[in-house]
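S.K.: Can you keep this structure in mind? I'll have questions shortly.
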There are 2 protein chains.
Amino acid sequence: MAKHISMAVIRRLPKYHRYLKDLLERDIHRISSKELSEIIGFTASQIRQDLNNFGGFGQQGYGYNVEELYNEIGKILGLNNVYKTIIVGAGNLGQAIANYSGFQKSGFEIKALFEANPRFIGLKIRELEILDVEIMEDYIKENDIKIAVICTPKESAQDVADKLVRAGINGIWNFAPVDLELPEDVVVENVHLTESLFTLSYLLNEKNKATK
Amino acid sequence: MAKHISMAVIRRLPKYHRYLKDLLERDIHRISSKELSEIIGFTASQIRQDLNNFGGFGQQGYGYNVEELYNEIGKILGLNNVYKTIIVGAGNLGQAIANYSGFQKSGFEIKALFEANPRFIGLKIRELEILDVEIMEDYIKENDIKIAVICTPKESAQDVADKLVRAGINGIWNFAPVDLELPEDVVVENVHLTESLFTLSYLLNEKNKATK
C-alpha cells in the first residue's frame with residue numbers, strides 16, 4: 001500500500017501538470033522552484049513539500065527539469081495508461097464530453113455512449129454510435145471498459161451506477177447531481193455543476209453586500 | 001462586512017440545499033439533525049456548526065423545519081435573486097450549459113451566447129441567438145448582465161475575461177483550463193474538468209496498485 005497522500009495534494013497535481021505543459025509549449029525547459037511558485041501561485045515551500053510526497057524532483061541550485069517533472073507527474077496521475085471509457089447519458093452534457101478531443105489526447109478513449117431514450121439510440125456523435133443502455137453491461141465486459149462517465153438525470157444515476165459496478169467498472173466520473181452509493185473499491189469523482197454555480201452566487205452576493 | 005466564513009463551509013451549503021430539496025420532494029417537512037446527518041453524510045455536530053455560522057435554525061428537541069431551512073439556505077446562497085447571465089464560447093460545452101434548464105429555474109437567466117467564430121454567429125440554441133463577441137461589452141452594459149460563463153478555449157479566456165471586467169461583470173464561472181488574472185472585486189468560480197478527470201485517474205491507479 002502506498003503512503004497516504006492527502007486529497008489536497010492530489011488535487012494540486014493536475015494543476016502542476018497543466019502549468020508544466022504550458023511551460024513546455026513556451027519552450028521553457030528549466031525552472032527554479034521560486035519561478036514556478038510565482039507562475040502557479042503556491043509558495044516555493046508548498047511546491048517542494050508537495051513534490052517530496054513523490055520523492056522530490058528538483059536539484060539544489062538547478063531547479064526543475066520541466067519535461068522530466070511533467071512526465072513524472074503525468075505518471076503519478078496515471079496518464080501513461082489508456083483508459084477505455086464510456087459515457088452514459090447522451091444529452092447535451094454527454095455529447096459535449098464526447099466531443100471534447102482533449103480527453104482522448106490524455107488517454108481517455110471514449111468508446112461509446114449509452115442512452116435509455118429511444119429517440120437517441122442509433123444516432124452518432126462524431127464517429128461514436130449511441131447504444132441502448134440495456135446492452136451496457138455486456139459491452140463493458142466485452143470491451144474491457146475502465147471508466148464510465150455518468151451524465152444522466154439524477155433519477156437514474158444510482159441505477160446506472162449499480163449496473164456499472166456489476167459490470168466491473170471501478171472508476172466513475174459523475175456529473176449527475178447526486179451522491180452515489182458505491183462499494184469501497186469503486187472510485188468516484190463528482191462534478192456538481194449546480195453546486196459550483198451556487199457557490200459563485202454566494203460569493204457574488206457577499207461581495208456585493210460588502211461593497212454596498 | 002459579514003463575518004468570515006471558510007470556503008469549506010460555503011462549499012457545503014449547496015449540498016445542504018440539494019438534500020433539503022430532495023426531502024421536500026419526498027414530502028418530508030421536519031428532520032432531526034441526526035437524521036439529516038445520516039442522509040447527507042456529515043456529522044450532526046458538523047451540521048450544527050455549519051448552520052450556526054448563519055444564526056442556526058434548529059430548535060432543541062424539534063429538529064429542523066425542512067422548508068424553512070431550504071429557503072434560508074437558498075437566501076444565503078443568493079438564490080432569491082435573478083442573475084442575468086451570458087455564455088461566452090458557443091462550442092459543445094457552452095451549448096450544453098445554454099440547454100440545461102436547471103440553471104434558469106434557479107434564477108440564472110441565460111440571455112445570450114457570444115462567439116468569435118463566424119460560422120456560429122447568427123445560429124440559435126433554443127431561442128438564444130449566438131452573437132458576435134465583438135458586441136459583447138455593449139450588450140453587457142445595455143442589458144445589466146451580472147454573470148458570465150467562459151467556455152472558450154484557453155487561448156482566448158484571459159482576453160475574454162478582460163473584456164468582461166471592462167464591461168462591469170464581477171461574477172465569472174470559468175470552464176477554460178486556465179487560472180484567470182482578475183481584479184480583487186471580481187469573483188471567479190472555476191470548473192476545471194480535465195483536472196477533475198486526472199484526479200479520478202490518480203485515484204483509480206492508486207486503488208489498482210493497492211489491490212495488486
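Any read-out appearing in this document is the output of simple, stated calculations on the displayed coordinates, not a laboratory observation. All of these numbers come straight from a predicted model, not from anything done at the bench. FYI the Cβ positions are ideal-geometry reconstructions off the backbone, even for glycines, and counts take in every protein chain you see.
S.K.: Output ³J(HN,Hα) for segment A:172-177: one whole-Hz value per residue in order, computed from phi by the Karplus curve 6.51 cos²θ - 1.76 cosθ + 1.60 with θ = phi - 60°, and x for Gly and Pro.
M.R.: Result, rounded to whole Hz: 10, 9, 9, 9, 6, x.
S.K.: Relative to the first principal axis of the alpha-carbon coordinates of chain B, what is the inclination of helix B:7-25, with its axis defined by its Cα atoms, in degrees from 0 to 90 and to the nearest 10?
M.R.: 70
S.K.: Could you pull out the GluC sites (Glu not before Pro) across segment A:95-146 that fall in loop regions by DSSP (anything but H, G, I, E, B) with no more than 16 other Cβ atoms inside 10 Å?
M.R.: Passing both the DSSP loop test and the Cβ count: A:127.
S.K.: Using a Debye calculation, one point per C-alpha and no hydration shell, please list log10 I(q)/I(0) for chain B at q = 0.07, 0.08, 0.17 Å⁻¹ in order.
M.R.: With no solvent term, the Cα-only Debye profile gives -0.29, -0.38, -1.16.
S.K.: Roughly what would the spin-label model give for residue A:9 and residue B:144, points 7 Å off Cα along C-beta, in nm?
M.R.: Label at residue A:9, label at residue B:144, 5.1 nm between them.
S.K.: On to the next question. So the label point goes 7 Å from the Cα of residue B:166 along Cα→C-beta, right? Which residues of segment B:117-139 then have their backbone N under 12 Å from it?
M.R.: B:134-138
S.K.: Moving on. Quick one: which residues, 5 or more positions from residue B:114 or on another chain, have an amide H under 5 Å from its amide H? H modelled 1.01 Å from N in the peptide plane, none for Pro or chain starts.
M.R.: Amide H neighbours of residue B:114, under 5 Å, 5+ apart: B:87, B:88, B:89, B:131.
S.K.: What is the set of long-range amide H partners of residue A:83 at a cut-off below 5 Å, with H atoms built 1.01 Å from backbone N?
M.R.: Residues meeting the amide H criterion: A:108, A:109.
S.K.: Let me ask another. Loop only by DSSP, 13 or fewer other Cβ within 10 Å of the Cβ. Give me the trypsin sites (Lys or Arg not before Pro) in segment B:105-151 that pass, ordered by residue number.
M.R.: Here the trypsin sites (Lys or Arg not before Pro) that fit, given the DSSP loop and packing criteria, are B:119, B:126.
S.K.: Cα gyration tensor of segment A:7-76, axes a ≥ b ≥ c as square roots of the eigenvalues: rounded (a/c below 1.5), prolate (a/b > b/c) or oblate? Let's see the in-between values first.
M.R.: On the way: a/c = 1.32, a/b = 1.15, b/c = 1.14.
Note, shape of segment A:7-76 comes out rounded.
S.K.: Before rounding to the nearest 500, sum -39500 (n - 2.57) across all DSSP H runs of length at least 4 in chain A and divide by the residue total; then give [θ] at 222 nm in deg cm²/dmol.
M.R.: Calculated mean residue ellipticity at 222 nm is -14500 deg cm²/dmol.
S.K.: Still on this structure: Given H placed 1.01 Å from N in the peptide plane, which residues other than close sequence neighbours of residue B:30 have an amide H under 5 Å from its amide H?
M.R.: HN-HN under 5 Å from residue B:30: B:66.
S.K.: Under the rule a/c < 1.5 gives rounded, and otherwise a/b versus b/c splits prolate from oblate, where does segment A:113-212 land using the Cα gyration tensor?
M.R.: Cα axes put segment A:113-212 in the prolate bin.
S.K.: Another one. Round to the nearest 10 and give me the degree value, 0 to 90, for the angle of helix A:66-76's Cα axis relative to the longest principal axis of chain A.
M.R.: Approximately 40 degrees, to the nearest ten.
S.K.: Restricting to Cα pairs below 8 Å that are 6+ residues apart, what does the relative contact order work out to for segment A:7-76? Please round to a whole percent. Numbers along the way, then the final one.
M.R.: Values: 51 pairs, mean separation 30.0, N = 70.
This gives 43 percent for segment A:7-76.
S.K.: Same structure, new question: At a threshold of 8 angstrom on Cα-Cα distance, excluding pairs fewer than six apart, so keeping six or more, what relative contact order does segment A:50-166 reach in percent? Provide the component values of the computation, followed by the final result.
M.R.: Numbers: 138 pairs, mean separation 30.2, N = 117.
For segment A:50-166, the relative contact order is 26 percent.
S.K.: Under 8 Å for C-alpha pairs, at least 6 residues apart: give me the relative contact order for chain A, rounded to a whole percent.
M.R.: On the way: 264 pairs, mean separation 28.2, N = 212.
Relative contact order for chain A comes out at 13 percent.
S.K.: Step through the residues of segment B:126-136 one at a time and calculate ³J(HN,Hα) from phi using the Karplus curve (6.51 cos²θ - 1.76 cosθ + 1.60, θ = phi - 60°), rounding each to whole Hz and writing x for Gly and Pro.
M.R.: 6, 8, 8, 7, 8, 9, 6, 4, 5, 9, 4
S.K.: Give the Rg/Rh ratio for the protein assembly as shown, taking Rg as the radius of gyration of the Cα atoms and Rh as the Kirkwood radius, to two decimals.
M.R.: Looking at the protein assembly as shown, the ratio lands at 0.96.
S.K.: Given A:105/B:84; A:154/B:111; B:21/B:111, which pairs have Cα atoms separated by over 32 Å?
M.R.: Too far apart for the 32 Å limit: A:105/B:84.
S.K.: Among the lysines, which fall within straight-line cross-link reach of residue B:207, defined as a Cα-Cα distance under 16 Å, with same-chain neighbours fewer than 8 residues apart omitted?
M.R.: By straight Cα distance, residue B:207 reaches A:3, A:75, A:146.
S.K.: Once phi is turned into ³J(HN,Hα) by the Karplus curve 6.51 cos²θ - 1.76 cosθ + 1.60 with θ = phi - 60°, what whole-Hz value does each residue of segment A:143-154 show in order, with x for glycine and proline?
M.R.: Each residue of segment A:143-154 in turn: 10, 6, 6, 10, 10, 10, 9, 9, 10, 8, x, 4 Hz.
S.K.: If r is the Cβ-Cβ distance from residue B:184 to residue A:26 and R0 is 35 Å, what FRET efficiency results, to the nearest 0.05?
M.R.: 0.80
S.K.: Need one word for segment A:121-179: rounded, prolate or oblate. Basis is the Cα gyration tensor (sqrt eigenvalues a ≥ b ≥ c); a/c below 1.5 gives rounded, then a/b vs b/c decides.
M.R.: Verdict is oblate for segment A:121-179.
S.K.: OK, next. So how far apart, in nm, are the two label points at residue B:124 and residue A:45 if each is 7 Å from Cα heading toward Cβ?
M.R.: 6.0
S.K.: Between copies, how far does the label point of residue A:117 sit from its twins, in nm, shortest first, when each point is 7 Å from Cα along Cα→Cβ?
M.R.: Inter-copy label distances (nm, one decimal, shortest first): 2.3.
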